[in-house]
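Worksheet: the structure to be examined is printed underneath.
The values are calculated or read from the model by the stated rules, or taken from the named source; none is laboratory data. Just so we're clear, the structure is a prediction, and the values are computed from it rather than from any experiment. Glycine also receives a Cβ, built like all others from the backbone with ideal geometry; neighbour counts cover every protein chain displayed. In case anyone asks, the SASA skips ligands and DNA or RNA and just uses the protein heavy atoms, side chains included. Shrake-Rupley method; radii C 1.70, N 1.55, O 1.52, S 1.80 Å.
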Amino acid sequence: MHLKSLTVKGFKSFASATTLRLEPGITCVVGPNGSGKSNVVDAISWVLGEQGAKALRGGKMEDVIFAGTAGRAPLGRAEVTLTIDNGDGALPIDYTEVSITRRMFRSGESEYEINGNSCRLLDIQELLSDSGIGREMHVIVGQGQLDAVLHAKPEDRRAFIEEAAGVLKHRKRKEKALRK
Ligand code: ATP
Ligand code: MG
């Protein structure tokens, strides 16, 4: 399994539809300051369901929608599609390629799709839960995050270990069931 491509449209600085093709192995994104490198990483967190504006380096969720420039009007929605190669069947779904889409309007409403079919965020989270990818997985290591792990309280450090061991999913399901 590997990330195959990322398409961003109306997301942050990407006004026009832009597709990045990703090959197996290491991909480096290079460019001048402010050219949108971190926005690419934000797009991956966002499509996987990130709900916190701060984690996306914005003040409110709407800040992910292209806000316009001197020569270009603001847009009304942001859309990101992440396509994952599932040739090895690592994701429990009968497709060799899985596309996850998130779309958000200025009203703040988000829509999610798996291979073009509407779904809930929960469906995406469950699909990815054993794969090592996901919004709450520590697969995106931000600046300062290593320090945070090293200085974490024991109970917080336990959460990292539970995640790595694959226990976190079951704990979350249990908490959700108990809330009902
Ligand atoms: P650095 O090398 O400094 O880390 P970077 O390549 O990571 O830079 P980003 O932080 O990805 O740069 O991009 C910042 C740019 O994205 C800024 O120019 C900012 O104006 C633009 N930007 C962010 N949100 C939006 C938005 N909603 N609409 C339009 N442009 C946006
Ligand atoms: Mg950056």
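Worth pointing out:
- Each listed q (0.14 Å⁻¹) maps to a log10 I(q)/I(0) for region 110-180, found by the Debye formula over equal Cα scatterers with no solvent: -0.56.
- Nearest-ten-degree value, helix 168-179 long axis tilted from longest Cα axis of the chain: 90
- Total charge dipole magnitude, the chain, about the Cα centre, Cβ charges on Lys, Arg, Asp, Glu only, Debye to nearest 20: 620
- Accessible carbon and sulfur surface of region 46-180 relative to its total accessible area, %, 1.4 Å: 53
- Region 1-62: C-alpha pair distances exceeding 12 Å, %: 71
- Taking a Cβ cut-off of under 13 Å around Thr27, the surrounding Lys, Arg, Asp and Glu residues balance to a net charge of +2, with basic ones at +1 and acidic ones at -1.
- Per-residue ellipticity at 222 nm, computed for the chain from helices alone with -39500 (n - 2.57) per DSSP H run of at least four residues, works out to -8000 deg cm²/dmol.
- Of the trypsin sites (Lys or Arg not before Pro) in region 1-84, those whose Cβ has at most 15 other Cβ within 10 Å and which sit in DSSP loop: Arg57, Lys60
- Heavy-atom accessible area per residue - region 1-144, 1.4 Å, Å²: 55
- Using R0 = 25 Å, the C-beta based FRET efficiency linking Ala73 and Gln51 works out to 0.35.
- Aspartates and glutamates with Cα under 15 Å of Lys4, excluding same-chain neighbours fewer than 8 positions away: Glu23, Asp85, Asp88, Glu97
- Multiplying the residue separation of Met1 and Ser118 by 0.36 nm and subtracting their alpha-carbon distance yields 39.8 nm.
- Relative contact order of region 1-148, defined on C-alpha pairs under 8 angstrom at six or more residues apart (%): 23
- Calculated diffusion of region 1-121, Stokes-Einstein form, Kirkwood radius summed over Cα pairs, 37 °C and 0.692 mPa s, µm²/s: 219
- Highest mean packing first, where packing is the average number of other Cβ atoms within 10 Å per residue, the peptides 121-130, 168-177 line up as 121-130, 168-177.
- Between Arg173 and Leu20, the contour length at 0.36 nm per residue exceeds the alpha carbon distance by 51.7 nm.
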